[in-house]
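Worksheet: the structure to be examined is printed underneath.
A short reminder: the numbers here are calculations on the coordinates, not readings from a lab. Note that the coordinates shown come from a computational prediction; the quantities given were computed from them, not determined experimentally. Note that we place each Cβ from the backbone using ideal geometry, even for glycine, and neighbour counts take in every protein chain shown.
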Amino acid sequence: MKTNLGESRRGPGSKQEQRASERRRATISHHSCGARGGGGRHRNTSLPLFHPGDAVPESGIYEVIHDADHRQAHDAVMIMGNRFPSCETCNERVRFRIIRTAPYIFQDQDFEEQP
């Protein structure tokens, strides 16, 4: 079967396309880890918790876990080399857990700012 440039030989209902779609969904769910309320996915609670003042080991998205009923956990971007901050309300009792690493664009060799 001859196809035009950019067209797939696999139809939307083919077994190959179904397997490819399943692989994409598995990859997305592995990397997204349920930002903003979970969406039915769970966080990996076996990963280490970081404290205010600790150095951020890798740039990426971190779950911010506040003390008691102050605020629900939420996500924040942290940049490697910075320090985890304290919370204005729960102070040093806030904790941080990596959800997904993501390089800061200006720390990438192709995008580094030149002096």
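Filter the GluC sites (Glu not before Pro) in region 63-105 to those in DSSP coil with at most 12 other Cβ atoms within 10 Å of their Cβ, and list the result. The qualifying sites are 88, 92. When you filter the trypsin sites (Lys or Arg not before Pro) in region 66-104 for DSSP loop state and at most 12 other Cβ atoms inside 10 Å of their Cβ, nothing is left.
Could you calculate the FRET efficiency of residue 69 with residue 47 from 1/(1 + (r/R0)^6), where r is the beta carbon distance between them and R0 is 30 Å, rounded to 0.05? Using R0 = 30 Å, I get an efficiency of 0.80.
Starting from 0.36 nm per residue, how many nanometres of slack lie between residue 112 and residue 83 once their C-alpha separation is accounted for? Please report the intermediate quantities before stating the final value.
On the way: separation 29, 0.36 × 29 = 10.44 nm, distance 2.09 nm.
My answer for the length gained is 8.4 nm.
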